[in-house]
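No value in this document is a laboratory result; all are computed from the given coordinates. Everything numeric in this text was worked out from a predicted model, so none of it was measured. Positions of Cβ are backbone-derived with ideal geometry, glycine not excepted, and every protein chain shown enters the neighbour counts.
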Amino acid sequence: MFHSIYIAGAEPHSGKSVIVLGIMEMLNAMTPRVGFFRPVISDSKERDPLIHLITTRYGLEMSDEALYGCSYETARRMTTEGRQDELLKLILGKFRELQSKVDVVVCAGTDFTDASSALELDFNATLANHFGCLFMPVVKGLHRSAREIADAVRMLEEHLESAQHCKLLAAFANRVPTREMDELAGLLKGTRFPFYILPENNSLERPTVAEIARELGFESLYGSRQVMNHEVARFKVAAMQVQDFLAHMENCSLVLTPGDRSDIILGALAADCSGNYPMIAGILLTGGQKPPPAVCHLLEGMNPLRLPILLSPWDTFKTALKVNDVRGMILPSDDRKIAVALGLMESRIDLHQLRKLVIHSGSQRMTPLMFEYELIQRAKSVPRHIVLPESDDERILRAAEILSLREVVKITLLGDEDIVRARAMHLGLNLRQVEVLDPRKSEWRQQFADAYHELRKHKNVTPESAYDTMVDVSYFGTMMVHFGYADGMVSGAVHTTQHTIRPAFEIIKTKPGAGLVSSVFFMCLEDRVLVYGDCAVNPNPNAEQLADIAVSSSETALMFGIEPRTAMLSYSSGQSGKGDDVEMVREAVRLARAKNPTLKIDGPIQYDAAVDLSVANSKMPDSEVAGKATVFIFPDLNTGNNTYKAVQRSANAVAVGPVLQGLNKPVNDLSRGCTVTDIVNTVAITAIQAQ
């Protein structure tokens, strides 16, 4: 059982979307059935932005109609007619209908459209009481001193508890100037409920070029989806000659100029290519004028074009006024803003404390989203340094940005720094906190070559060939891990599994007590996470190797919060089967139990008896594992690899891995078909192994 939560701004522009996103992320890791509700939404024909963000990110399979109470037009009409009670019943009915289908609901309050702040706050508090939700108000800190914010908090606390009798879960001061943070924390000591302070982050408030285009209906003349995500910090009206205008350019500026000013258009494009001028967000042509045909021909030949170019139907003055009114939002496609928002929440709130306040009694289910959430939180708890060799792959760069913005790990990319930074800029990525190393120029190259020669001279590796080998990013990255310059490595988005793990076998080698290197996949099903091993490394393990895989896989499961009940699979269950293959599994079970008597390991067992209690009761009624298995050890690579892929595709499961186990230090492989999310998860797993 969970308490539902009602999040509302205490005044306009409090930035409650950040808090909504963070709470949704937390609750989705606790239960797979989280609902989202807005009591009132705007009358716009466009989708409500917050409903769009939440349903897209968390895959809520409900219509928008089920996720809100009514429109502002309906609310205004019923209030004007004196039908406030009917309005509340209407909204409450919609909420209860949603609540009956989920475990917990996150409500996002109204947006302060045309009511006074006090009346709208009271309306939200009243709804929270009727819904039976815990209330979480958000106070705006922007442009306020610490004392002004603290006064607003005290007044809010007194008003809600005396006038509204709200059951408060916690409260936030959001968008607080950094210089006021410490003083505010001191002033707010002694509040009767948890209080969290979030700093102002300009990038969350800035609109992107795409948001401005969509909000104002501007035509996009040129620009890919990536460059349309450029942030706009300010706009500049270009009314001067180009040589004078260049002196006034600032970073992340949107340049407004009439469409017939070819000199400004070309000057802005040239400035964007020059390292001597700030980065421009884009160009907005006014007056409904497209550039002359010759300039259009030039622009069409610039592929890719690094600046988006929009067209406004209004004159420059009217365009400037309208652009100035556009406020930034967090969109489902904006991975950077989502990462920044989640990073803020995760670094500033006590998640353990909030969970205890929200839970009546906990859920024991482990869903894919729960698993991924816990991975990120555990990786962040003791930050580690991970090297990613494949900087020439876009997915790697996008994952590096997310990991950096969420402060999950320290990232080093391998490659030519100029090329990597230019590619990141072209993709609109923020990699300022990510280190880039070029193996060809690194001061470590000779040190690594000498060490590799010493390790492999018995295989006829010469000093010269060792020096040449260190240009290979897989070998260079592995050497960084070997020497402790990085804690782990993740590769395989571009390179083969063999290319990724061969250097680890040669340099890092197996840890004491591990007979071999093996792998597991975390199979994230709808309501649980299973561990499959070995599906990627060892083709035909013997009994001793199979026992080693079973023990390593069980220990890996335990490391990631999955209670290991390990089934060693075969075509026969218990004592019924005969044959060399069954006997090998039976011997492997005996050896595995001897290696680690504390583990629950059983076999040989068929897959159905391992997962289905009714089958288990018939075939192996006395087993601690049968019917409840969480770790599955396949007898050979052919069986394991085919089974994990069959389950992945037919059960729509998320397969995270392969995760290598048995190495002295963590190196993990990616599938060449991996997604950005796969990379983020694998890096988090590698960081946890390094902890």
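For the chain, what is the calculated [θ] at 222 nm in deg cm²/dmol (nearest 500), taking -39500 (n - 2.57) for each run of four or more DSSP H residues and dividing by its residue count?
Computed ellipticity for the chain at 222 nm equals -13000 deg cm²/dmol.
May I have the convex hull volume per residue, in Å³, for the Cα set of the chain? Spell out each step's value before the answer.
Values: hull volume 132.1 nm³, N = 691.
Hull volume normalised by residue count: 191 Å³.
Over the range 323-480, with a single point scatterer placed on each C-alpha, what log10 of the ratio I(q)/I(0) does the Debye formula yield at q = 0.10, 0.14 1/Å?
Ignoring solvent entirely, the Cα scatterers give -0.54, -0.85.
Relative contact order, percent, of the range 490-634 when contacts are C-alpha pairs under 8 Å separated by at least 6 residues?
Relative contact order of the range 490-634: 25 percent.
Roughly how tilted is helix 117-131, in degrees to the nearest 10 and between 0 and 90, from the longest Cα axis of the chain?
It is inclined by approximately 40 degrees.
Beta carbons within 10 angstrom, averaged per residue: use that to sort the peptides 213-222, 181-190, highest first.
On the way: 213-222: 16.9, 181-190: 14.0.
So the peptides 213-222, 181-190, ranked by packing, come out 213-222, 181-190.
Highest first, please rank the peptides 557-568, 385-396 by the mean number of other Cβ atoms sitting within 10 Å of their residues.
Taking the mean over residues of other Cβ atoms within 10 Å, the ranking is 385-396, 557-568.
May I ask for the net charge around ILE264, where only other residues with Cβ less than 12 Å from the Cβ of ILE264 are counted and Lys, Arg are +1 while Asp, Glu are -1?
Numbers: positive: LYS236, ARG261; negative: ASP244, ASP260, ASP263.
So the surrounding residues net to -1.
Within straight cross-link reach of LYS322, meaning Cα distance under 13 Å, which aspartates and glutamates are found once same-chain residues fewer than 8 apart are removed?
GLU211, GLU215
Computed over the Cα atoms of the range 494-606, what is the ratio Rg over Rh, Rh following Kirkwood? Don't jump to the answer; show the numbers that get you there.
Details: Rg = 14.8 Å, Rh = 15.1 Å.
My calculation of the ratio gives 0.98.
Starting from the Cα of LYS356, draw a straight line to each of the aspartates and glutamates and keep only those under 19 Å, dropping any in the same chain fewer than 8 residues away.
GLU25, ASP103, GLU346, GLU374
For the chain, find the longest principal axis of its Cα atoms and tell me its angle to the long axis of helix 637-650, 0 to 90°, nearest 10.
Between helix and principal axis, roughly 30 degrees.
Please list, in chain and number order, the residues 5+ apart from LEU168 or on another chain whose amide H is under 5 Å from its amide H, with Hs placed from the backbone.
Distant-sequence amide H within range of LEU168: PHE135.
How far is helix 473-482 tilted, in degrees, relative to the longest principal axis of the Cα atoms in the chain, given as a value from 0 to 90 rounded to the nearest 10?
80
Counting residues in the range 61-192 as N, plug N into 2.2 N^0.38 Å and put the Cα Rg over that result.
Values: Rg = 16.8 Å, N = 132, 2.2 N^0.38 = 14.1 Å.
So the Cα radius of gyration is 1.20 times the expected 2.2 N^0.38 Å.
I'd like the antiparallel share, as a percent to the nearest 5, of DSSP beta bridges with both residues in the chain. Could the numbers behind the result be given before it?
Numbers: 17 of 75 bridges.
Of all bridge pairs located within the chain, approximately 25 percent are antiparallel.
Rounded, prolate or oblate: pick one for the range 251-294, where a ≥ b ≥ c are the square roots of the eigenvalues of its C-alpha gyration tensor, a/c under 1.5 means rounded, and failing that, prolate if a/b is larger than b/c, else oblate. Write out the running numbers ahead of the final one.
On the way: a/c = 3.31, a/b = 1.67, b/c = 1.98.
Since a/c reaches 1.5 but b/c is at least a/b, the shape of the range 251-294 is classed as oblate.
Under the rule of at least 5 residues apart or a separate chain, name every residue whose amide H is placed under 5 Å from the amide H of PHE36.
VAL106
Around MET240, with a cut-off of 13 angstrom between Cβ atoms, what is the net charge of the other residues, counting Lys and Arg +1 and Asp and Glu -1? Before the final figure, lay out the partial values.
Details: positive: LYS236, ARG261; negative: ASP244, ASP263.
Its environment carries a net charge of 0.
Within the range 19-148, what is the number of lysine pairs with alpha carbons under 28 Å apart, leaving out pairs fewer than eight places apart on the same chain?
4
For the range 344-351, what does the Karplus curve 6.51 cos²θ - 1.76 cosθ + 1.60, with θ = phi - 60°, yield as ³J(HN,Hα) per residue in whole Hz, taken in order and with x for Gly and Pro?
With the stated coefficients, the range 344-351 comes to 4, 5, 5, 8, 10, 10, 8, 5 Hz.
Could you derive backbone 3J(HN,Hα) for the range 306-316 from the dihedral phi with the Karplus parameters 6.51, -1.76 and 1.60 (θ = phi - 60°), listing whole Hz in sequence and x where the residue is Gly or Pro?
7, 10, x, 10, 10, 10, 9, x, 9, 5, 4
Taking amide H positions as placed in the peptide plane 1.01 Å from N, state which residues far from GLY9 in sequence (5 or more) or on other chains have amide H under 5 Å from it.
GLY109, VAL138
Using the eigenvalues of the Cα gyration tensor, what equivalent ellipsoid semi-axes result for the range 158-233 when each is taken as the square root of five times the eigenvalue, whole Å, largest first? Can you show the working numbers first?
Details: eigenvalues 313, 58, 15 Å².
Equivalent ellipsoid semi-axes, largest first: 40, 17, 9 Å.
Express in % the proportion of alpha carbon pairs of the range 610-691 at distances exceeding 21 Å. Could the numbers behind the result be given before it?
Working: 1570 of 3321 pairs.
Of all Cα-Cα pairs in the range 610-691, 47 percent lie more than 21 Å apart.
Based on the mean of other beta carbon atoms within 10 Å per residue, what is the order of 93-99, 240-246, 529-535, 2-8, most packed first? If you can, show how the numbers build up before the last one.
On the way: 93-99: 16.9, 240-246: 14.1, 529-535: 26.1, 2-8: 24.0.
So the order, starting with the most tightly packed, is 529-535, 2-8, 93-99, 240-246.
Of the lysine pairs in the range 409-535, how many meet both conditions: Cα atoms under 26 Å apart, and a spacing of 8 or more in sequence or different chains?
8
Once phi is turned into θ = phi - 60°, what whole-Hz ³J(HN,Hα) does the Karplus curve with 6.51, -1.76 and 1.60 give for every residue of the range 658-671, x standing for Gly and Pro?
Listing the rounded values in order: x, 9, 7, 9, x, 7, 4, 9, x, 10, 10, 9, 10, 6 Hz.
Can you divide the C-alpha Rg of the range 205-281 by 2.2 N^0.38 Å and report the result to two decimal places?
With N residues counted in the range 205-281, Rg over 2.2 N^0.38 Å equals 1.06.
Given the range 552-691, what whole percent of its Cα pairs are spread farther than 27 Å? Please list the in-between numbers first.
Details: 2420 of 9730 pairs.
Tail fraction, whole percent: 25.
Taking the Cα-to-Cβ direction at ARG327 and at SER671 and moving 7 Å from each Cα, how far apart do the two end points lie in nm?
4.2
If we restrict to alpha carbons, what Rg and Dmax does the range 556-633 come to, in Å?
Gyration radius and largest Cα-Cα distance of the range 556-633: 11.8, 36 Å.
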